[in-house]
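For reference, the structure discussed in these notes is given below.
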Amino acid sequence: MTPTRRALVLVSVGGALGALARYGLLRAFPVGAGTFPTTTFVINVVGAFVLTVLLEWLVRRGTPEHWLRVFVGIGVLGAFTTFSTFATELALLWRDHERSTAIAYAVASVVVGVLAVHLGLLVTGWRRATPLPDEGES
Amino acid sequence: MHEVGLVVGVAIAGAVGAPARFLIERVIRTRWPADWPWGTFLVNVSGSLALGLVVGIVLAQGVDADVRTVVGTGFLGAYTTFSAYAYETVRVGTVPRRGLAAGYALGSVAASVLAAVLGLVIAGAW
C-alpha cells in the first residue's frame, strides 16, 4: 500500500470511530434548543487537549510523523471534535434570540479550547524554544 | 430510520468526512504554503455553510431528521474539526505572532458562523 493510501485508510477508520463517539455522546447527553451546547463544548475542549498531548509527545520522542498522528490525531480526534456543529449551534442560538448564551458559547469555546491546548503543552513539558514541526497539522 | 441504520450511517459518513478533510487540508497546504492554516480554515467554513444548509432544510423544508444525523453529525461533523483549530491557534502564535493567532482564532469563528447563517438563510430557516 502506498503511504498516502495507508494514511487515508487510517484517517477513514479513525474518522468513523470519532464520529460514532461524538454521536453517542450527543445521544446520551442531548442539548435542548436555546440552551448552552454543553456536549459539543466538552467534546471540543477535551479533543483539543488530547490532540495537543499526542502531537507534542510524538514531536518530543522524535517521531512527529508516527502513524498515531494520522490515525488518532487527524482521524479520531479530528472527527470527534467539530467546527460545523459549533458554528451552526451558534447561529441557531443567535436566530432564536438567545444572544447572551450564543456569546458565552463562542467565548467559552475559544478561550477554554486555547487553554486546553496550553494545558496539553504544559503536561508534555513544552518550552518556548521548541521548534515548530516541519509540517502544519491538519 | 432504524437505530442500527443510523449508527452505520454515521460511521460510514465519518469514514468519508475525515479523509476528505485530510486530503483538502494537505492539498491546500502543499500548493499554497502559508503561516495562516488555510486548509483547516476553508474546511471549517465550507463545512459550516453545508451544515447550515442541511439543518435549515430539515427545520424549514420538512426533510427527515435522519439526514441531519447522517450528513450533519456524521459527514460534516467529521469533515470539520475543532481540535486542530485550537492547536493551530496556539502554535501559529508561538513565535510571538499573537496577532496572527488572534486573527485565526476569531476569523475562523466569525467566517464559520456567517457561513452557517448563510446556509440557514438559503434553506429558508432564518
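The values are calculated or read from the model by the stated rules, or taken from the named source; none is laboratory data. On a predicted model such as this, the values are computed, not experimentally measured, just so you know. Ideal geometry is used to build each Cβ from the backbone, glycine not excepted, and the neighbour counts take in all protein chains shown.
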Checklist outcome for this item: So the helices (runs of 4 or more DSSP H) completely within the stretch A:1-112 holding 2 or more residues that are under 23 Å from B:LEU51 (Cα atoms) and touching a residue at least 60 places away in the same chain (Cβ under 8 Å) are A:3-28, A:38-60
Item to check | Conditions (1) part of a helix (DSSP H, G or I); (2) at the interface with chain A (Cβ under 10 Å from one of its Cβ atoms): number failed by B:GLY103 | outcome: (2)
Item to check | the stretch B:103-126 residues that are in contact (Cβ under 8 Å) with a residue 24 or more places away in the chain and on the phi > 0 side of the Ramachandran plot, paired with ones that are small (Gly, Ala, Ser) and part of a helix (DSSP H, G or I) (beta carbon under 8 Å, 6 or more apart) | outcome: B:GLY124/B:GLY56; B:GLY124/B:ALA60
Checklist entry - Out of B:VAL109, B:VAL71, which single residue is out of contact with any Phe, Trp or Tyr (no Cβ under 9 Å at 6 or more places or on another chain) and either part of a helix (DSSP H, G or I) or within 22 Å of A:THR39 (Cβ to Cβ) (or both)? => result B:VAL71
Item to check | So B:VAL10, is it more than 18 Å from the chain's Cα centre (by Cα), part of a helix (DSSP H, G or I) and surrounded by 21 or more Cβ atoms within 10 Å (Cβ to Cβ) | outcome: no
Item to check | Test: B:THR81 is outside any helix (DSSP H, G or I) and facing another protein chain (nearest Cβ under 7 Å) | outcome: yes
Next on the checklist: Going by what's in this entry, would B:VAL16 be described as under 17 Å from the mean Cα position of the chain (by Cα), at the interface with another protein chain (Cβ under 8 Å from one of its Cβ atoms) and aliphatic (A, V, I, L, M)?
Outcome noted: yes
Item to check | Which listed residue, of A:VAL72, A:VAL117, A:VAL31, A:VAL59, is at pLDDT 95 or above and more than 10 Å from every other protein chain (Cβ to nearest Cβ) | outcome: A:VAL72
Checklist entry - Can B:GLY62 be described as in a loop (DSSP other than H, G, I, E, B) and at pLDDT below 95? => result yes
Item to check | Residue count, the stretch A:32-53 (criterion: out of contact with any Asp or Glu (no Cβ under 8 Å at 6 or more places or on another chain) and under 17 Å from B:THR73 (Cβ atoms)) | outcome: 8
Next on the checklist: Test of understanding: among B:GLY62, B:GLY39, which residue is without any contact (Cβ under 8 Å) to a residue 60 or more places away in the chain, facing chain A (nearest Cβ under 7 Å), out of contact with any Leu (no Cβ under 9 Å at 6 or more places or on another chain) and not charged (D, E, K, R)?
Outcome noted: B:GLY39
